[in-house]
């Protein structure tokens, strides 16, 4: 996830044209990445419970364990980071007064 964050942040900062946009770029990063990174925190805890056979609804049921493990990380691998970048850039345009008109283009 840290590599993803670095990619998205570098793309957002590459378009910054003023100090005002610099601050908004960090706000936009938070806007477009927080939900995903918080999901990582939640699923990491669940993963620990799963490996210790303590996850509610799975415990030591090997069929449920196998099913859970086979699809657990799909949300990580199948995510398009360029969608986050586009959302972040749109946020910057909409929240920077000098460039707000560009957001409608």
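The values are calculated or read from the model by the stated rules, or taken from the named source; none is laboratory data. Note that this is a predicted model, so its numbers are computed, not measured. With ideal geometry, Cβ positions are generated from the backbone for all residues, glycine too; neighbour counts draw on all protein chains shown.
For this structure, a couple of remarks:
- Single condition residue 98 does not satisfy, out of (1) in contact with a helix residue (DSSP H, G or I) (Cβ under 9 Å, 6 or more places away or on another chain); (2) surrounded by 12 or more Cβ atoms within 10 Å (Cβ to Cβ): (2)
- Residues in region 13-37 that are in contact with a helix residue (DSSP H, G or I) (Cβ under 8 Å, 6 or more places away or on another chain), surrounded by fewer than 17 Cβ atoms within 10 Å (Cβ to Cβ), assigned to a helix (DSSP H, G or I) and at pLDDT below 95: 20, 22, 37.
- Listing of helices (runs of 4 or more DSSP H) fully contained in region 59-105 that carry 2 or more residues being modelled with pLDDT of 90 or more and more than 15 Å from the chain's Cα centre (by Cα): 62-71, 81-95
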